[in-house]
Amino acid sequence: MAAETPFERLGRELEAAAQRQAGVLERRPRARRRRRSLALLVAAVVLGAGAVAWAATALLSSGSPVPFERGAPVPGRAEGAPVPGTVTLLATNIADPDGGVPWGLRYWETDRKYGCLQAGRVYHGKLGQITDGRVFHELRVGVTRGALGGCFVLDGSGHAFVALHTDAFAGAQPQGCPVGFRPATKLKTPHGTTGCRTADLTVDLGLLGPNAKTYNYRADGRLHTTTPLGQVGAYLVVQRRLKPVMREYGFHHRNPKLNLRGPAEPYIAVTPASQVIKGVIYTAGDCMVRITGAPRGSCYAQAGYTPIPQPRVADVRAPVRAFPAPDGRGIRVRFHARQAVVDGRSGYSIEVRPASTRGFLVQDYAHNLNAGDLVRTTVDLYNKHHGTYRIVVRYRTVHARPGPYATPAYPGLLVGETTVTVP
């Protein structure tokens, strides 16, 4: 016997219900018959909508995986490659507000000291995105294009902290219209100009750290209390789209319509700072979350962030050599790295400063290095300009207590400098 489809099952059950109802209605007054008929119709519509949603979930086809943003993860470069044993699907059954495929959250750490999050839909045990309501695309471990989440630098104790608040489409793709922009606003993209549309959902996700015990959040007009996911203090809240909290910026005009208004909630902070997460109980004390544009959020004092160790100038100084490349298109630079680069929290940068102008180019050398390794790199000269250049090498690290975008800060510690003439 052939398997019954969801729609065939729905039709059979509605037909049986109608037959049973018809027998009852023959013995009831006409007014009550109308009420019963209306109730049956409403029940059929509700049941039909649920069956259609269930059928759509059950009948998804598989598409190509979501592409990587900058290629597959490579050990020792960029955010690095996942560390075996750290990849964990923390949640697989976060309810979808419209009754569709459930949501999930994945966490992993990389060999370059990043903690990473991915949020998406869970289908047949895999995390992914849904396009056109019927095609499932798997999210592979790594920084993927258009995903909800990202990679965030670990603190001095090896823990990541982040709080993300964003609009999203039902398929789990990020927002179409930036927060505060009206639908149909023309936006420039790599593929041309397009009109953005209003997202379907508001998604909050993040890492509260290992010291978070419980947290409160508001969803669907109600306050909820729950415990974080895993040992990293992760959370994921999905609900129908919320109106952004707006505030006025700059000068205040006599005519209020002339005042500049914009969203008050940050897309990203180190700790929660939006209207959704209302409070967190940490080992060090309670935090009542307030909406703030501060990069560290509302709960930085209680979260337990461990400062990242910082080197001294004497730890990085080394002689620098430079000479023109044979093809005349670049300058080759050589120096011994006294300070190792073992993760994405530090790196070397090379400044090329023409003697005739104030401007200069910077090229980062972000590969992992052991202390004492010889750095051999070529700095491009795209315009092939001749003349004398000053080469300055610096060792850059993130701040001891960085914000959410923990990139190595300028100018860094001076390693050494030299001059070179390109004939």
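When Pro244 is tested against the conditions (1) in contact (Cβ under 8 Å) with a residue 40 or more places away in the chain; (2) outside any loop (DSSP other than H, G, I, E, B), the lone failure is (2). The range 76-132 holds strands (runs of 3 or more DSSP E) entirely within its bounds, and those carrying 3 or more residues that are over 19 Å from Leu59 (Cβ atoms), out of contact with any helix residue (DSSP H, G or I) (no Cβ under 7 Å at 6 or more places or on another chain) and not charged (D, E, K, R) map to 88-94, 103-109, 114-123. Tell me, yes or no, whether the range 311-326 has at least one residue that is out of contact with any Ser or Thr (no Cβ under 6 Å at 6 or more places or on another chain), surrounded by 15 or more Cβ atoms within 10 Å (Cβ to Cβ) and on the phi > 0 side of the Ramachandran plot. Within the range 311-326, not a single residue is out of contact with any Ser or Thr (no Cβ under 6 Å at 6 or more places or on another chain), surrounded by 15 or more Cβ atoms within 10 Å (Cβ to Cβ) and on the phi > 0 side of the Ramachandran plot. Residues in the range 381-411 that are crowded, with 19+ Cβ neighbours inside 10 Å, at pLDDT 85 or above and in a loop (DSSP other than H, G, I, E, B): Val398, Pro402, Pro404, Ala406, Pro408. Scan the range 299-310 and tell me whether some residue there is of a type in the set (Ser, Thr, Tyr), in contact with a strand residue (DSSP E or B) (Cβ under 7 Å, 6 or more places away or on another chain) and either in the same structural domain as Phe161 (by TED's automatic domain parsing) or within 30 Å of Gly412 (Cβ to Cβ) (or both). For the range 299-310, residues of a type in the set (Ser, Thr, Tyr), in contact with a strand residue (DSSP E or B) (Cβ under 7 Å, 6 or more places away or on another chain) and either in the same structural domain as Phe161 (by TED's automatic domain parsing) or within 30 Å of Gly412 (Cβ to Cβ) (or both): absent.
Of all residues in the range 364-380, those satisfying the criterion of being touching a Pro at 6+ places or on another chain (Cβ under 9 Å) and part of a loop (DSSP other than H, G, I, E, B) are Ala366, Asn368. Can you name the residue in the range 65-75 that is of a type outside the set (A, V, I, L, M), part of a loop (DSSP other than H, G, I, E, B) and surrounded by fewer than 20 Cβ atoms within 10 Å (Cβ to Cβ) and, of all such residues, is modelled with the lowest pLDDT? Looking at the filtered set, the residue picked out is Arg70.
The values are calculated or read from the model by the stated rules, or taken from the named source; none is laboratory data. Just so we're clear, the structure is a prediction, and the values are computed from it rather than from any experiment. Don't worry about glycine lacking a Cβ; one is built from the backbone with ideal geometry, like all the others, and counts go over all protein chains shown.
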